[in-house]
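Asker: Here it is, the structure in full.
What follows draws every value from the coordinates through simple rules; no lab data is involved. Since the model is a prediction, treat every value here as computed from it, not as a measurement. Ideal geometry is used to build each Cβ from the backbone, glycine not excepted, and the neighbour counts take in all protein chains shown.
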Amino acid sequence: MADVLNVTGSNYTSEPTVEFGPSAATGALRRKYNFGDKVSELSLAQDPFFRFVSMVSKKPTDDPTFKFTEKRESYTKRYVYVYKHGDGTSTATTSLAGGAGGTAVDLAAADDAAGDDIYLEVAGDWLSNGNKRKAFGQTATAIAASGTAPEFLFAGQLLKLPYADAANTNNDQSTSGYMVVKINAVTDGVTSSEYKTLACTVVTGPGAAKFLMGIPSTAQLAASQETLEPYRCYVVGTAFGAGTGYPETWQDQPYLTASGQTQIFKTSAVMNNTDRATVLKYESNEWARIWKQKLIEHKWDIENSLLFGSQSATYNTTQGAVDWISSYGNAFSLDIATKTQDDFLDDMSAMLDPRYNNSASTVFFCSTAVYNWLHKLSGYFRNNVESSSNYRADFSLSGKKKVFGIDITTISTVYGDMNIARNVHLDGTKIKILGINMKYCAYRPLVGNGLNRDTGIYVGVQTLENSGVDRRVDQILTEAGMEWCCPETHALWT
């Protein structure tokens, strides 16, 4: 312990190095040699993310390993993809309906008119347990993967089937309309238990020879939701006769549990009583100055950890924003040399899909280069496109404000206001923007049994041998973790 605490000399007794002006010696700089009364101090916005979560998203935990539950509703995900098809002449679902290198199924107007029977084998692409779907840019949940069976289908439902004018086995089709069928019976799929076989009656037929959209390609499954929409067959209500009784139903499992972990942050300082008792120029109390700097250093370390940390039970570390979002959230690319406003709005459309993410609680933390880029885009539109208040651009700088001491720029887009904060910790990394929904993340300090580890102070006093000098160690300590949920509401751009 003595080796750790051994600090020789003081940082105000030596002559400073002369950087500007004449090189004449002036003595120890911080002695009172009749210098001016004022000194400049650089003030930094060191920790914007930590400041936000500690002010608006603090949820104390009484266990260093905590669990939390995510809830995802399924009512917006009642869709399927058509894998096989059979018309009214056969109950066999043997015709491959496009995709996966197959041939698109011809919907003949004569066999698929209103009142005709039609047979479908369908599959889903989201996990029923927890209602998990893929986020943009992440590895796609494969169609008919384990746990994706469309259990929500039952007799009496109406299903909308999009179709195209021409077959295209490259999955490059564009829809030209849709037909509606009524489900009469649902049985397990012929291909596997992850499929469902539907016996249906045509309510509204194609009216001409058309082609079912079928199964999207692997590349499309990894793309945006907008790309997949033309292939999805949605439930569009139910149709029952009078007095038909209680219909079938289904039960979902919207909950999914996960765990987090707190991390111990320590920052120590050393001071001897001689230095504490010496009155100095500028800041008269040396210990007060060091204490202030150590607090800033402590918050700086927490900010970096909450951004770039990775959860580990072995090393007792918490989950950082970059690590978690890059693994589970929406991931976009951003090259400010080639990225256009249109491209960026496409990204925003995928992230702020109202079926999955309609929150206005997102804060966008940007690197310096992207912070400048966003201002250039909004400034260009305001100066060159907006001709009057009646004809304004939808991507424009609409104001600045301070929130918890952090400078926030508000940029208006067609998808609402973006609240943007510059975060210098992102400079020099591959992360250009972090879009974090503050509603679905939390800062979790350890608090229990009357003890608050959010800001703890450990004080130790030791008398060094042969010196007769007491040295006091004050240690700033924080024990906190991060909780993340709802991946679809968070995003990063690299």
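Asker: How many angstrom separate the Cα center of segment 57-72 from the Cα center of segment 285-361?
Answerer: Result: 19 Å between the Cα centres.
Asker: With a ≥ b ≥ c taken as the square roots of the eigenvalues of the C-alpha gyration tensor of segment 196-292, please select rounded if a/c is under 1.5 and otherwise prolate if a/b is larger than b/c or oblate if it is not? Before the final figure, lay out the partial values.
Answerer: Details: a/c = 5.39, a/b = 3.29, b/c = 1.63.
Cα axes put segment 196-292 in the prolate bin.
Asker: For Asp125, Asp252, which order do you get if you count the other beta carbons within 10 Å of each Cβ and list the fewest first? Could the numbers behind the result be given before it?
Answerer: Working: Asp125 24, Asp252 17.
With the sparsest Cβ surroundings first, the list reads Asp252, Asp125.
Asker: Residues with amide H under 5 Å of Arg422's amide H, sequence separation 5 or more or different chain, H placed in the peptide plane at 1.01 Å from N; which?
Answerer: Residues meeting the amide H criterion: Cys366.
Asker: Where does the charge balance sit around Lys77 when Lys and Arg score +1, Asp and Glu -1, over other residues with C-beta under 11 Å from its C-beta? Walk me through the intermediate numbers first.
Answerer: Numbers: positive: Arg72, Arg78, Lys132, Arg133, Arg232, Arg355; negative: Glu73, Asp125, Asp252.
Surrounding charge for Lys77 is +3.
Asker: Enumerate the amide H contacts of His490 below 5 Å, restricted to partners 5 or more residues apart or on another chain; note that Pro and chain-start residues carry no placed amide H.
Answerer: Asn330
Asker: Now for a different question. Would you kindly derive the ³J(HN,Hα) couplings of segment 274-280 from the backbone phi angles with the Karplus curve 6.51 cos²θ - 1.76 cosθ + 1.60 (θ = phi - 60°), listing them in order in whole Hz, with x for Gly and Pro?
Answerer: Once rounded to whole Hz, the list reads 4, 5, 5, 8, 8, 8, 10.
Asker: Let me ask you something else. Which of His298, Val279, Ala269 sits farthest toward the positive end of the charge dipole of segment 266-324, with +1 on the Cβ of Lys and Arg and -1 on the Cβ of Asp and Glu?
Answerer: Looking along the dipole axis, the top candidate is Val279.
Asker: In sequence order, what are the phi-derived ³J(HN,Hα) couplings for segment 321-338 according to the Karplus relation 6.51 cos²θ - 1.76 cosθ + 1.60 with θ = phi - 60°, rounded to whole Hz, with x for glycine and proline?
Answerer: Coupling constants for segment 321-338: 5, 4, 5, 6, 5, 5, 8, 10, x, 6, 10, 10, 9, 8, 10, 5, 7, 10 Hz.
Asker: Amide H to amide H, which residues 5 or more places from Gln261 or on other chains are under 5 Å from it, using H placed in the peptide plane?
Answerer: Correct list: Phe66, Gln319, Met482.
Asker: Which whole-Hz ³J(HN,Hα) couplings does segment 347-353 yield from phi under the Karplus relation 6.51 cos²θ - 1.76 cosθ + 1.60, θ = phi - 60°, glycine and proline marked x?
Answerer: These are the phi-based 3J(HN,Hα) values: 4, 4, 5, 5, 6, 9, 4 Hz.
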